[in-house]
Amino acid sequence: MRNGTTERLVLLDSDATRLSQIFNGNQSASRQYSAALRDEIAKAQIVPREKLPVDVVIMNSTVQIQDMEDGETITYTLVYPWEADADSCRISILAPVGTALIGYKKGDEIEWKVPSGMRKFK
């Protein structure tokens with residue numbers, strides 16, 4: 001659930017294509033989180049790079065988010081599952097926070113279900 005904006009989620013066309021291939025290919029993924037990502041993609045406005053707003057999170061974006069509950073700030077790079085590395089803060093698009101981040105814009109508040117419950121990020 002995305003709060004703080006009435007705009008549709010914006011997704012880069014090449015990201016949408018590649019993410020769809022993950023669902024149709026042999027890559028294993030958590031069904032729960034891949035279903036959430038499919039829902040996000042289905043709602044998204046798919047755009048070519050030249051029409052993508054500059055502040056939208058796309059694959060391989062590095063972003064800084066703040067946990068609204070404890071104030072902790074974390075920097076992540078959003079990557080494909082096979083590129084994920086927790087030690088390097090490279091978070092998979094199929095991780096709950098990764099799915100929440102795609103299409104995020106600076107200043108948006110995002111409320112998302114993670115294994116420990118609902119979390120709110122900005």
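Read the figures in this text as sums done on the coordinates, not as results from a lab. Just so it is clear, the model here is predicted, and its values are computed rather than measured. No Cβ is skipped: glycine too gets one built from the backbone with ideal geometry, and neighbour counts run over all protein chains shown.
Things worth noting here:
- Taking Lys and Arg as +1 and Asp and Glu as -1, the other residues whose beta-carbon sits under 11 Å from that of Ile91 total -1.
- Antiparallel content of DSSP bridges confined to the stretch 2-121, in %, to 5: 70 percent
- Size descriptor, Kirkwood hydrodynamic radius, that averages inverse alpha-carbon separations across the chain, Å: 14.5 Å
- Local electrostatic count at Met59 - Lys and Arg +1, Asp and Glu -1, tallied over other residues with Cβ under 11 Å: -1
- Residue-by-residue Karplus 3J(HN,Hα) for the stretch 94-105, coefficients 6.51, -1.76, 1.60, Hz, glycine and proline x: 8, 6, x, 5, x, 5, 5, 6, 4, x, 4, 10
- Dipole magnitude of the chain about its Cα centre (Cβ charges: Lys, Arg +1; Asp, Glu -1), debye to nearest 20: 380 debye
- The packing ranking of peptides 93-102, 110-119, highest mean first, is 93-102, 110-119, where packing means the average number of other beta carbon atoms within 10 angstrom of each residue.
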